[in-house]
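J.: The structure that follows is given in the form of structure tokens.
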Amino acid sequence: GTMAELIKKEFKLNHISTGDLIRKEIKTQTPLGKKAQKIMTGGNLLTDELVIKILKSALKANKNKRGILFDGFPRTKEQSKMLYELMQKNKTPINVLFHISVSDEVSMQRIQARGVRPGEDPNDIIAHNKHRLEVYKEKTIPALIFFVNKIDVVQVNGNVSIPQVYRQIQEFLKK
């Protein structure tokens, strides 16, 4: 989210956060939102079909001709395939994928630094997020690999400060 906001602002792109779209569906208790909430409560990723259904409506509403910045998507190889096919069908190329790589240790430190909200058990949060990291390795790495040899896949060191991460992205986008 942090990088997406900076990129969106500087490069005037439409920012589509699947996380925000999903949270909106859950908050408004749509049928898709109810399904999403049940899956996410267990710390699992949503089904590819469910995410694509939610995403398609946002794409239809996109009026920005400069481009779209997807944030937190795709997360599985199947989502990568679906997105690639959808964007080709719409004659909207995917130009670059930034993979902001963060070590497990740094990731857990950042999650813990956010603090515990009232009613949350710190041990549950740690276990939940360890599970999410495992799911990430199992599901999301293949999503990245799908795009290799199709588009530019840029590895960004996410273990550094926000300004340092953003500079890495800026250097590529300003080429």
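The values are calculated or read from the model by the stated rules, or taken from the named source; none is laboratory data. Since the structure is predicted, the reported quantities are computational estimates derived from the model, not experimental observations. As a convention, Cβ positions derive from the backbone with ideal geometry for all residues, glycine included, and neighbour counts pool all protein chains shown. Quick note on the areas: whole protein, heavy atoms, side chains included, nothing else; ligands and nucleic acids left out. Shrake-Rupley method; radii C 1.70, N 1.55, O 1.52, S 1.80 Å.
J.: Looking at (1) more than 22 Å from Ile151 (Cα to Cα); (2) open to solvent by less than 90 Å² (accessible area, probe 1.4 Å), which is the only condition Ile68 fails?
T.: Of the numbered conditions (1) more than 22 Å from Ile151 (Cα to Cα); (2) open to solvent by less than 90 Å² (accessible area, probe 1.4 Å), the odd one out for Ile68 is (1).
J.: Here's another thing I want to ask about it. For the stretch 101-116, give me each residue that is at pLDDT below 85, open to solvent by less than 60 Å² (accessible area, probe 1.4 Å) and part of a helix (DSSP H, G or I).
T.: Met108, Ile111 - these are the residues of the stretch 101-116 that are at pLDDT below 85, open to solvent by less than 60 Å² (accessible area, probe 1.4 Å) and part of a helix (DSSP H, G or I).
J.: Still on this structure: Can you name the number of the only condition in (1) modelled with pLDDT under 95; (2) under 20 Å from Glu5 (Cβ atoms) that Val165 fails?
T.: Going through the list (1) modelled with pLDDT under 95; (2) under 20 Å from Glu5 (Cβ atoms), Val165 breaks only (1).
J.: So which of Lys77, Lys56 is of a type outside the set (A, V, I, L, M), closer than 25 Å to Phe172 by Cα and open to solvent by 60 Å² or more (accessible area, probe 1.4 Å)?
T.: Lys77
J.: Which condition does Ala36 not pass, out of (1) open to solvent by less than 30 Å² (accessible area, probe 1.4 Å); (2) among the small types (Gly, Ala, Ser); (3) within 26 Å of Lys130 (Cβ to Cβ); (4) in contact (Cβ under 8 Å) with a residue 24 or more places away in the chain, if it passes all the others?
T.: It is condition (4) that Ala36 fails.
J.: Any idea how many residues of the stretch 53-82 are within 21 Å of Glu25 (Cα to Cα), assigned to a helix (DSSP H, G or I) and within 13 Å of the chain's Cα centre (by Cα)?
T.: Total meeting the criteria: 2.
J.: Being open to solvent by less than 70 Å² (accessible area, probe 1.4 Å), over 12 Å from His99 (Cβ atoms) and either out of contact with any His (no Cβ under 8 Å at 6 or more places or on another chain) or among the aromatic types (Phe, Trp, Tyr) (or both): is that true of Val165 here?
T.: When the stated conditions are applied, Val165 does not pass them.
J.: Another one. For residues that are under 14 Å from Thr76 (Cβ atoms) and of a type in the set (Lys, Arg), scanning just the stretch 125-140, find the one that is most open to solvent (accessible area, probe 1.4 Å).
T.: Looking at residues that are under 14 Å from Thr76 (Cβ atoms) and of a type in the set (Lys, Arg), I get Arg132.
J.: What's the number of the condition Lys130 fails, among (1) within 22 Å of Ile16 (Cα to Cα); (2) among the charged types (D, E, K, R); (3) over 16 Å from the mean Cα position of the chain (by Cα)?
T.: Going through (1) within 22 Å of Ile16 (Cα to Cα); (2) among the charged types (D, E, K, R); (3) over 16 Å from the mean Cα position of the chain (by Cα) one by one, Lys130 breaks only (1).
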